[in-house]
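The block underneath contains the structure these notes are about, expressed in structure tokens.
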Amino acid sequence: MRFEFLKIRGVFNHGGMKKRSQRIFFLAAVLCCLALSGGRAHALESGGDPGKTDPFGQAEFQFRAGNSAEAQELYHDFLARYPTDRRAEQALLRLGQIESKSGSYITALRYFNFILNNYPNAAFFHQIKFEIAASAFNLGRYAEAESIFREELKLHPDVKKRWEAALYLGRIDEKRLDHSNAITKLNYVHNESPYEDLKSQASRTIEELVEEKLSKMAVLSLARKVRGDFPLDLLLLKLHSIYRMEGDRENYQASLEEFLTRLPRHPLRDDIERKLAQVKSARPKVIRLGVVLPLTGKYAMTGQQVLQGIQLAWNQLPPADKQRLELAVKNSGDSQAVSQVVEELAADPSVVGVVGPVLSADVKKIAPLAEKYRIPVFTPTASSSDLLQPNSYVFRNALTKEIQGKFLARYAFNNMGLRRFAVLYPEDAYGVELKEIFSRAVQALGGEIVAVVSYNRKQNDFKEQILQIGGMPDGAMKKRANQSALNGDEPAELEGDTSLSRIRIQKEVLNNGQTEGMKVSLVLNYDAIFMPGFYDKIGLIAPQLAFYNIDNVALLGASGWNSPELAKIAGKFLKNGIFVDGFFLNSQDQHTREFVNNFKATFAEDPTIISAQAYDAARMIMELVRNGATNRMAVNERLRATRDFPGVSGKTDILASGEAEKTIFALKLKGGKIVQPE
């Protein structure tokens, strides 16, 4: 009898706690005695009644109940107490299976190999060999696994295990990237095996291989060889997808016709016939840009503004480009129709991308279709923070709160030299999100947020909030200054009601116990207040800030400020105000001026930010097509690589996530008008 296994660290386990290692070394010694005693294993026995005096029965009960940790302890206890019991071999097998189930394949192999080496007449030899092969497979030792599975394919007494070995052999080819042979073997299991669970595993693996791993040439080769509906249908559908992505309408049409010829009774026949009719009716050699907008119903005005921007972008194309690029406009006014119209466009190989939809909910709804058809979908308006997912085909060119908060923080820090900020925000989703984004951006730049105070959108009196950020009315400041003078103090500054402000006394003259000529002012312990509200509330807050002597710091805002009404309500109190937006009608930027003039000439009205963003989104795709991106695959790749696009809604980069990163507009009020800072 050999004792080499005693040298294995922890015998069957790597590392572990000292107590566990001592227990396993003890078990190894017991097993030596078992081997020397000539103990032989019997066939697997039922767990039976797990009596209190039978640790093996208890262990089997826990094992079958799925309680691996409890079972493991009981098997160890059994082997320690009854080393010569005929069930010792079975206990070792179970311990190996528990380790394998937990992913500890190396430890499992030690158990299995120990049994084979020390029980030459093992009653469940083939079961152990199968477990060894499965552990080797999971460890990536494919040659070892393949050799054993080939043996078990012929010799295993359990017919289902033979079919499972065949399944593993197909998966080994998959892991070796021999996808064609993998599909051939897996398809044999799918077609011939009498076991539904194995057939299901084989079909799922084939579907994953066809959809994600096979090259175009491999799909073509296999489609010529296979017989029967499955996986021929998957292969031909994959060819449809490839040709659609490539914009290869001739081969796309041929693959549709082949599907109908070779699979005449397939459940997808009606759908394939519709797609074939669609491609036959399309104009030859024309590239199409899909447009999905609500042109009727509740959001029709938004849809029309988006469509105007897209139409203007198309109108400005050279005549030759208009001949080869057409707009395919679809109405999604009925919210239930958005998926239908997007799928209709996506199924057309001549459509290289889609501009729209406009609502975040609709974009989320059609995102799986964009993924399925691998078609870039570019929304010019949807602004939900959780809209974009990694590696999706959805893009966005909209003014988000993320863009506003980050840009404003950079502008305040780099252009205005501000470092310390208070935040006064409304208790709604808009205000909370902008507060969080701005605060993170300031801190990332090395600035400091010294106070954060909220208000209810319904309130009109903001005294409580203004006092919290250090404000004081004239009467309170003078009273404090007079008291200081009467006490004989001569401070230059007094503490305010909070640590955010101080009272500065610039001059005082005593005359019969009274103060004359005293100049009192409020000094704030921050440089600016960020107020991400809308113009109606900002118009009420600004005068109240001045009343409480907060009138010498910068006031910062987001696009909610951008209304001519704000200048009428509180313009004189916002001389130090700066806010941001994604479009400025009176910008001096050349591209923006040209866009505004052309828009007015075409539609006899001023463009909105929605029209501007749609114009930019459409123009990005159109420029890519003009420069050689003639299929959706190329559009997707090049759109994601767009940098420094001179958009009328701001210079734009498209990030790998599909998100737009924009240099937007800083704006201010001057002379009752909204202007750009000089």
Study note, to complete from the structure: Sorting Gly356, Ser147, Phe407 by the position of each Cα along the dipole of the chain (Lys, Arg +1; Asp, Glu -1; all at Cβ), the one nearest the positive end of that ordering is Ser147
Point to revise | Principal-axis tilt of helix 609-626 within the chain, Cα atoms, nearest 10 degrees | key: 50
Check your understanding: Against the longest principal axis of the chain, how steep is helix 142-155, in degrees 0 to 90 to the nearest 10, with axes from Cα atoms?
Key -> 40
Exercise for review: With a 10 Å radius around each residue's Cβ, average the other Cβ atoms per peptide and rank 561-574, 586-599, highest first.
Suggested key: 561-574, 586-599
Exercise for review: Please report, in debye to the nearest 20, how large the charge dipole of segment 278-413 is about its Cα centre when each Lys and Arg carries +1 at its beta carbon and each Asp and Glu carries -1 there.
Suggested key: 240
Practice item. Compute the signed sum of charges (Lys and Arg +1, Asp and Glu -1) over the other residues within less than 10 Å, Cβ to Cβ, of Arg643. Key: -2
Practice item. At q = 0.24, 0.26, 0.29 Å⁻¹, what is the base-10 log of I(q)/I(0) for segment 239-283 according to the Debye formula with one equal point scatterer per Cα and no solvent? Please give it to two decimals. Key: -0.82, -0.93, -1.09
Practice item. Using only alpha carbon pairs under 8 Å that are at least six residues apart, calculate the relative contact order of the chain and give it in whole percent. Key: 9
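Name the shape class, rounded, prolate or oblate, that the alpha-carbon gyration tensor gives for segment 139-184, where a ≥ b ≥ c are the square roots of its eigenvalues, rounded holds for a/c under 1.5, and otherwise prolate holds if a/b is larger than b/c and oblate otherwise. The partial results should precede the final answer.
Numbers: a/c = 2.73, a/b = 1.56, b/c = 1.75.
Oblate, because a/c is 1.5 or more while a/b does not exceed b/c.
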Study note, to complete from the structure: For segment 267-325 the mean separation of alpha carbon contacts under 8 Å (6+ apart) over residue count, i.e. relative contact order in percent, is 35
Review point. Dividing the alpha-carbon Rg of segment 93-222 by 2.2 N^0.38 Å yields what?
Key: 1.12
Study note, to complete from the structure: Calculated from DSSP helices alone, with each H run of at least 4 adding -39500 (n - 2.57) and the total divided by the residues of the chain, [θ]222 nm to the nearest 500 comes to -16500 deg cm²/dmol
Point to revise | Degrees, to the nearest 10: 216-225 long Cα axis against longest axis of the chain | key: 40
Practice item. Work from the charge dipole of the chain (Cβ charges, +1 for Lys and Arg, -1 for Asp and Glu, about the Cα centre) and give the residue of Val453, Pro284, Ala71 farthest towards its positive end. Key: Pro284
Check your understanding: Under a Cβ-Cβ cut-off of 13 Å, what is the net charge of the residues other than Lys364 that fall near it, where Lys and Arg count +1 and Asp and Glu count -1?
Key -> -1
Check your understanding: Accessible area per residue, 1.4 Å probe, Å², for the chain: what's the number?
Key -> 47
Review point. What do you get for Rg/Rh of segment 57-116 when both radii come from the Cα atoms and Rh is the Kirkwood radius?
Key: 0.95
Review point. For segment 246-382, max minus min Cα coordinate along each principal axis, in Å, sorted largest first?
Key: 48, 37, 22
Review point. Relative to the Cα centre, what is the charge dipole magnitude of segment 537-678, using +1 at the beta carbon of each Lys and Arg, -1 at the beta carbon of each Asp and Glu, and rounding to the nearest 20 debye?
Key: 160
Study note, to complete from the structure: Taking the square root of 5λ for each eigenvalue of the C-alpha gyration tensor of segment 171-216, the equivalent ellipsoid has semi-axes, largest first and in whole angstrom, of 18, 10, 8
Point to revise | Hits among aspartates and glutamates - C-alpha to C-alpha of Lys298 under 15 Å, sequence gap 8 or more where chains match | key: Asp334, Asp362
Review point. Which semi-axis lengths, in whole Å and largest first, follow from the square roots of five times the eigenvalues of the Cα gyration tensor of the chain?
Key: 68, 45, 17
Revision key, fill the gap. Rounded to the nearest Å, the spacing of the alpha-carbon centers of segment 173-247 and segment 104-150 is 30
Study note, to complete from the structure: So the pair-distance distribution of segment 355-474, from every Cα-Cα distance in 5 Å bins, comes to percents of 2, 10, 16, 15, 14, 14, 11, 8, 5, 3, 1, 1, 0, 0
Review point. Once the whole set of protein chains is in place, how much accessible area is left on Arg86, using a 1.4 Å probe, in Å² to the nearest 10?
Key: 120
Practice item. Using the charge dipole of the chain (Lys, Arg: +1 at Cβ; Asp, Glu: -1 at Cβ; taken about the Cα centre), state which of Tyr526, Met633, Leu268 has its Cα farthest towards the positive end. Key: Met633
Check your understanding: Remind me, relative contact order of segment 124-261 in percent, using alpha carbon pairs under 8 angstrom and six or more residues apart?
Key -> 13
Review point. Of the accessible area of the chain, with the probe set at 1.4 angstrom, what percent is carbon plus sulfur?
Key: 49
Check your understanding: Taking a 1.4 Å probe, which of Met301, Met245 shows the most accessible area, and what order do the others take after it?
Key -> Met301, Met245
Check your understanding: Which net charge results when you count Lys and Arg as +1 and Asp and Glu as -1 among the other residues whose beta-carbon is under 14 Å from that of Leu669?
Key -> +3
Review point. So how do Arg283, Arg632, Arg274, Arg410 rank on accessible area, 1.4 Å probe, biggest first, that is with the largest at the start?
Key: Arg274, Arg283, Arg410, Arg632
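Going from most exposed to least, what order do Ser135, Ser102 have by accessible area with a 1.4 Å probe?
Largest accessible area first, the residues go Ser102, Ser135.
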Check your understanding: About its Cα centre, what dipole magnitude does the chain give when the only charges are +1 on Lys and Arg Cβ and -1 on Asp and Glu Cβ, stated in debye to the nearest 20?
Key -> 1020
Study note, to complete from the structure: Cα extents of segment 179-283 per principal axis, largest first, Å, are 49, 27, 19
Review point. How big is the Cα convex hull of segment 97-162 in projection, averaged over all directions, in nm²?
Key: 4.3
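The values are calculated or read from the model by the stated rules, or taken from the named source; none is laboratory data. None of the values given here were measured: they were computed from a predicted structure. Quick reminder, even Gly has a Cβ in these numbers, built from the backbone with ideal geometry, and neighbours come from all protein chains shown. Note: accessible area is taken over every heavy atom of the protein model, side chains too, but ligands, DNA and RNA are not part of it. Shrake-Rupley method; radii C 1.70, N 1.55, O 1.52, S 1.80 Å.
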